[in-house]
1. Can you tell me which residue within the range 72-95, out of those that are aromatic (Phe, Trp, Tyr) and more than 17 Å from GLN42 (Cα to Cα), is surrounded by the most Cβ atoms within 10 Å (Cβ to Cβ)?
2. I want to confirm something. Restricting to the range 14-63 and keeping residues that are part of a strand (DSSP E or B) and within 14 Å of the ligand (Cβ to nearest atom), which single residue is surrounded by the fewest Cβ atoms within 10 Å (Cβ to Cβ)?
3. In a loop (DSSP other than H, G, I, E, B) and either surrounded by 18 or more Cβ atoms within 10 Å (Cβ to Cβ) or within 16 Å of the ligand (Cβ to nearest atom) (or both) - does that describe any residue in the range 96-107?
4. Restricting to the range 78-123, name every residue that is free of Cβ contacts under 8 Å to residues at least 60 places away in the same chain and closer than 30 Å to HIS16 by Cα.
5. Return the residue satisfying two criteria in turn: it lies in the range 1-13 and is farther than 19 Å from ARG76 by Cα and loosely packed, with under 12 Cβ neighbours inside 10 Å, and of such residues it is nearest to the ligand (Cβ to nearest atom).
Amino acid sequence: MRTPQQLYAHERMIYHPEILTCPHCGDLLVMCNSLAWDKTVQMLDRVLSVASRPGRCPHTTCAGSRMRLLSAEGQRIAPAGSTYGYDVVVRIGWWRQESRATYDEIHPALASQIRIAASHVRSLYQTRLSAAAGVP
Ligand SMILES: [Zn+2]
């Protein structure tokens, strides 16, 4: 899903792993130089520029050195590969399942808050929610 270019983030956040030590040897993790992901995420009330800096074990002989440990909190902002926040996904699901709203009703309501194409409303619901909930 592509985010329009002219979205200005209100906030820049870089997440770090919550755990500080290697799960294999227990030594302190070091932060990787590169980011695991770096994206602009639209939430219902704001636009965030978020990234996740992974941690790894500093010992090359340890299995933890091949792991890239990510922030759990960072993973809760938006689904992997999506530039819409989980709050947007949940809102669509609520309207579909509780209010029995159609996509044609949902899109204008959502588009008054965030920049989203009608096709994205449908695909967000179908890929993120209906599979998980087992509903059509
Ligand atoms: Zn280790």
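Values quoted throughout were computed directly from the atomic coordinates according to the rules given, and no laboratory measurement underlies them. All of these numbers come straight from a predicted model, not from anything done at the bench. All Cβ positions, glycine included, derive from the backbone under ideal geometry; neighbour counts span all protein chains shown.
1. Within the range 72-95, the match that is surrounded by the most Cβ atoms within 10 Å (Cβ to Cβ) is TRP95.
2. Restricting to residues being part of a strand (DSSP E or B) and within 14 Å of the ligand (Cβ to nearest atom), the top hit is LEU28.
3. For the range 96-107, residues in a loop (DSSP other than H, G, I, E, B) and either surrounded by 18 or more Cβ atoms within 10 Å (Cβ to Cβ) or within 16 Å of the ligand (Cβ to nearest atom) (or both): absent.
4. ALA78, PRO79, ALA80, GLY85, TYR86, ASP87, VAL88, VAL89, VAL90, ARG91, ILE92, GLY93
5. It comes out as ARG2.
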